[in-house]
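The structure under discussion appears below in the form of structure tokens.
The values are calculated or read from the model by the stated rules, or taken from the named source; none is laboratory data. Since the model is a prediction, treat every value here as computed from it, not as a measurement. Here the Cβ positions follow ideal geometry from the backbone for every residue, glycine too, while neighbour counts run over all protein chains shown. Areas reflect the complete protein model, heavy atoms only, side chains present, ligands, DNA and RNA absent. Shrake-Rupley method; radii C 1.70, N 1.55, O 1.52, S 1.80 Å.
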Amino acid sequence: MQFKAARRGRLFYGAAVPIRRNMTPKSIHEYPGDPARPAACILEVEEGSPADDAGFTPGCLITEVNGHILRDVLDWQWYSAEDEVELSYVDTEGDSGTVVLEREEGESWGITFDGAVFDGIRTCRNACVFCFMRQLPEDARGSLVLRDDDWRLSFLQGNFVTLTNLSDEDAQTIIERNISPLRVSLHASDPDVRRKMIGKHAPHGIAMLERLLEGGVRVHAQIVLCPGINDGNELKKTLAWAYTHPGIENVGIVPLGFTKHQTRFDKSYNESEDALAVVEAVEPFQRYALDERGYPWVYLADEFYCNAYPGDVLRHLPPASHYGDFSMFEDGIGIVRSQVMEWQDCSEEIEHLARVLDEEDARVYYVLGEAQRDCMAALFDESPLKGRLVALLVRNEHFGGNVDVTGLLCGGDVAHAIRGVSAHDFVVLPRIMFNADGYTLDDMTVDDIRDTAGIPVTVVSCSVPEYLKEIEELVTG
């Protein structure tokens, strides 16, 4: 027997078993009785939406759309693009059926899924010599050592992928649906160098990259630069190769990061002369691209400038116009310039906070990684806040090596570093130290850091205008 529901002028037709409401959601991510068959688990349903009107609730599974199995949210977007769809489902009590949904033009179906991929994240099959996850301590939590290499997460979340596990079917899907841009790990164009860096599957990755580019897919490429492997003339060859492929819209170059938990590397580009050599090698490509394409095309991670010009980086840093819309911010490209811009735009707020801290006779320590020595630490010392807002630079002993950025600071190192702070002073920690669940990379919470150090700590934003306000509220609170 069919069931029918009418709301807001829409009709929904379904199978004999309607989707039940007000039931406890279950964490089901596969079709019951068939673990090999993926299913999309509903996390949230928008009130008054077509999905809500049809009776969907959190915990229900969508198993097919118009007869197509869903592997990921991209399949969902593709197959549900029309204003009428037939959904196969399993409700929260395990009953299955089908229902036809209709929506107004431009209206959302009102469904949020539990995750972006429904058939499992595709993991890396490479043996990259620079792989950071292989350099982590043995007791690192599982989520930190999961080596994903999933092209879908490249498009949806900005992850970089090598394409070495891309199938012909995947490539055809990407091209047919024009899924762009993808973020691709290039590293080197020379076959032998790529094989040395990535492993035996390197040729497949470059072949797939060529195929996608020929199919009109746009790409943001990344090069992890490793001393003596893909720098120098090899870097110039790679950039020249990439420039002849218009689909490669830009290239980001980041330095090798290494920890003490490995024996392969003992240097990167931390020495001034090494970093400066990279800056000087890349500048001709940037000038040429700027003249021909109107933008620099190849971008260097902030570390190269910080290390090339120690003590004077703020004078040598590229201008804001160099970074365009700062689309490579998450790759560590343009963060320093962005911070400087925010700081300069907050001159009135800085002067105001300086007066507040003077009136309260308060000193605030802002915890930062050592990479910020010539950036935020210098800005603090050159401002009216000098002596009141102090950069507490913490050495990363947990990872060691050349790891010195704030985002990779660990709770144990921070707790050790702040033990000597006076109980009358304030300590603030940047939110970037913590994941969405409130844990540092060594699984410590704010309370753990406080208890270990024996002094109060407060988490604040990494945005200059936000943390200036938060610090004022903390001190005057």
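Some notes on this structure:
- Put a dot 7 Å past the Cα of residue 459, heading toward its Cβ, do the same for residue 283, and the two dots end up 4.2 nm apart.
- Annotation: cysteines of the chain without a disulfide-compatible partner (Cβ-Cβ under 4.7 angstrom) are 41, 60, 124, 226, 306, 346, 375, 410, 462.
- Distance from the Cα centroid of the stretch 375-423 to that of the stretch 90-113 is 50 Å (rounded to whole angstrom).
- Across the chain, Cα pairs under 8 Å and at least six residues apart give a relative contact order of 9 percent.
- Under a model in which nothing but the beta-carbon of Lys, Arg (+1) and Asp, Glu (-1) is charged, the stretch 128-203 shows a dipole of about 220 debye around its Cα centre.
- The chain, accessible surface, carbon-and-sulfur percent (1.4 angstrom probe): 47
- Sequence-separation-based contact order of the stretch 121-248, relative, with Cα cut under 8 Å and 6+ spacing, percent: 27
- Relative intensity, log₁₀ I(q)/I(0), of the stretch 334-443 from a Debye sum that treats every alpha carbon as a point, q = 0.11, 0.17, 0.21 Å⁻¹: -0.37, -0.87, -1.21
- Centre separation in Å (Cα based) which lies between the stretch 432-454 and the stretch 192-225: 38
- Taking the Cα centre of the stretch 217-336 as reference, the dipole from Cβ charges on Lys and Arg (+1) and Asp and Glu (-1) amounts to some 260 debye.
- Total lysine pairs whose alpha carbons fall under 27 Å of each other in the chain (8 or more apart, or interchain): 12
- Protection-proxy order for peptides 102-108, 85-91, 345-351, each taking the mean of Cβ atoms within 10 Å per residue, highest first: 85-91, 345-351, 102-108
- For the stretch 268-311, the relative contact order is 54 percent, taking Cα pairs closer than 8 Å that sit 6 or more residues apart in sequence and dividing their mean separation by the residue count.
- Dipole size of the stretch 334-448 about its Cα centre, with +1 on Lys/Arg Cβ and -1 on Asp/Glu Cβ: approximately 240 debye, rounded to the nearest 20.
- Residues of the chain: accessible area per residue with a 1.4 Å probe, Å²: 46
- Only beta bridges with both residues in the chain are counted; by DSSP, about 50 percent of them are antiparallel.
- Listed peptides 394-401, 45-52 by packing density, highest first (mean Cβ within 10 Å): 394-401, 45-52
- Long-range amide H partners of residue 403 with built H, under 5 Å: 258
- In the stretch 52-148, the C-alpha radius of gyration followed by the widest Cα-Cα span (Dmax) gives 18.4, 53 angstrom.
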